[in-house]
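*Asks:* There's a structure below that I have some questions on.
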Amino acid sequence: MKIGFIGLGNMGAPMALNLIKAGNELVVFDVVQKNIDSVVEQSKNKAVSAKSVKELAQSKLDLILTMLPAAQHVRSVYLGADGLLENVSPSTLLVDSSTIDPQTARDVCALAKAKGNDMLDAPVSGGTGGAQAGTLTFMVGGEETVFNAYKSFFQQMGKNIFYCGGTGNGQVAKVSNNMLLGISMIATAEAMALGVELGMDPKILASIINTSSGRCWSSDTYNPYPGVLENAPASRGYSGGFGTDLMLKDLGLAVEAAKSIKQPVMLGGLAAQIYQTFSKLGSGHGHLDFSAVIQMFKK
Ligand code: NAD
């Protein structure tokens, strides 16, 4: 397939490289030139760069995938005057894998449909490690026939591909999962810090938790205590993972979505306040991986 890829950040870059590995032709764009250069270089010049969203949209593509930070970026890339919907052919499938609120996903999909384009919302879970390994979980909303026709496309970047129902339901699944993740990371950080302050070795404590009833992904795959897991962001100064401000964004999406139906999300709301406090406490905290929230609990 000939694929356009917009948003070559921590997640987008490795996903784009996996699509190249699977034999697709790629046209790539990002607002940060060095992110484009890095993907072109890592692909050994197999990826071709576009100068703008408009140029990418006009490249006769089978599919365009976007992996952008938040809803305002999705709106500007899709709905701006030089954006995708104004410039893309109706035969191109549009897929947005950014994590955004379900309502924006539904609004953008409806506008795409009005222009004649099929569109799926397909947020992911699995972190940067999953993006690199091609083992992401995709949560896909939209028309089921379109999903079935493109399931093998998602399998080139992911291991677990779920159809979630109509447009926006991929985002509903994603915000629910990430609210749980945001809460469980704080709980893991609090427990690890408590155990270590009371005299436990962090690696032994993590091994016990990971084979006991406290086990969870935040502990056994992404432990926030430095040195416990060699490949976790905690062991590389909390760089290169899932930014604190992105987690704060996701918790905001969950709280807002909950508010719209008056659904209580008490721990989700508290977790948002804790990440917000951590982000504000030090310059650059917002860019650190969200597991750095353990710094609120350590000396
Ligand atoms: P990121 O900030 O590293 O990457 C986003 C990229 O989009 C950047 O390279 C940025 O320059 C680019 N961009 C911004 N505006 C643009 C525009 N108008 N046109 C073109 N490019 C533009 O973020 P990320 O960590 O890759 O996350 C991307 C999305 O995936 C977010 O919605 C995030 O919530 C979600 N997500 C992230 C993770 C993770 O572990 N990092 C996991 C699951 C989901």
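The values are calculated or read from the model by the stated rules, or taken from the named source; none is laboratory data. As the structure is a prediction and not an experimental result, all values here were calculated from the model. Because the Cβ atoms are built from the backbone with ideal geometry, glycine has one as well, and the counts that use them run over all protein chains shown. Side chains included, ligands, DNA and RNA excluded: accessible areas come from the protein's heavy atoms. Shrake-Rupley method; radii C 1.70, N 1.55, O 1.52, S 1.80 Å.
*Asks:* Using a 1.4 Å probe on the protein heavy atoms, what percent of the accessible area of the chain belongs to carbon and sulfur?
*Replies:* Solvent-exposed carbon and sulfur of the chain make up 54 percent of the total.
*Asks:* A follow-up question, please. What number do you get for the range 2-167 when its Cα radius of gyration is normalised by 2.2 N^0.38 Å, N = residues?
*Replies:* 0.92
*Asks:* Another one. More than 38 angstrom separation, counting every C-alpha pair in the chain; what % is that?
*Replies:* Above the 38 Å cut-off, the chain has 14 percent of its Cα pairs.
*Asks:* May I pose another question? Less than 25 Å apart at the alpha-carbon level, and either on another chain or at least 8 residues along: which lysines does that give for LYS115?
*Replies:* Within the straight-line cut-off, LYS115 pairs with LYS2, LYS51, LYS54, LYS60, LYS151.
*Asks:* Measure nothing but the geometry: give the 0 to 90° angle between the long axis through the Cα atoms of 102-114 and the longest principal axis through the Cα atoms of the chain, rounded to 10°.
*Replies:* The two axes meet at around 10 degrees.
*Asks:* Pulled fully out, how much extra length does the chain show between ASN231 and SER52, if you take 0.36 nm times their separation in residues and subtract their Cα-Cα distance?
*Replies:* Separation in residues times 0.36 nm, less the Cα-Cα distance, equals 61.0 nm.
*Asks:* As a check on your grasp of the helix formula, calculate [θ] at 222 nm for the chain: sum -39500 (n - 2.57) over DSSP H runs of n ≥ 4, divide by the residue count, round to the nearest 500.
*Replies:* -14500 deg cm²/dmol
*Asks:* So which aspartates and glutamates pass the test for LYS174, namely a Cα distance under 17 Å, with those fewer than 8 places away in the same chain ruled out?
*Replies:* Once the sequence-local aspartates and glutamates are set aside, what remains near LYS174 is ASP96, ASP101, ASP121, ASP245, ASP250, GLU256.
*Asks:* Relative contact order for the chain using alpha-carbon pairs under 8 Å, separation at least 6, rounded to a whole percent?
*Replies:* For the chain, the relative contact order is 13 percent.
*Asks:* Can you pull the one-decimal nm distance between simple spin-label points at LYS115 and LYS203, each 7 Å off the Cα toward Cβ?
*Replies:* 5.3 nm
*Asks:* What's the local net charge at VAL140, with K and R +1, D and E -1, over the other residues with C-beta under 9 Å away?
*Replies:* With Lys, Arg at +1 and Asp, Glu at -1, the neighbours total 0.
*Asks:* Could you check the spin-label model distance between ASN160 and GLN276? Points 7 Å from the Cα along Cα→Cβ, value in nm.
*Replies:* Distance between the two pseudo-spin positions: 3.1 nm.
*Asks:* Roughly what % of DSSP beta bridges within the chain run antiparallel, to the nearest 5?
*Replies:* 15 percent
*Asks:* Could you state how much accessible area ILE208 has, in square angstrom rounded to the nearest 10, with a 1.4 Å probe and all protein chains kept in place?
*Replies:* My reading of the accessible area for ILE208 is about 80 Å².
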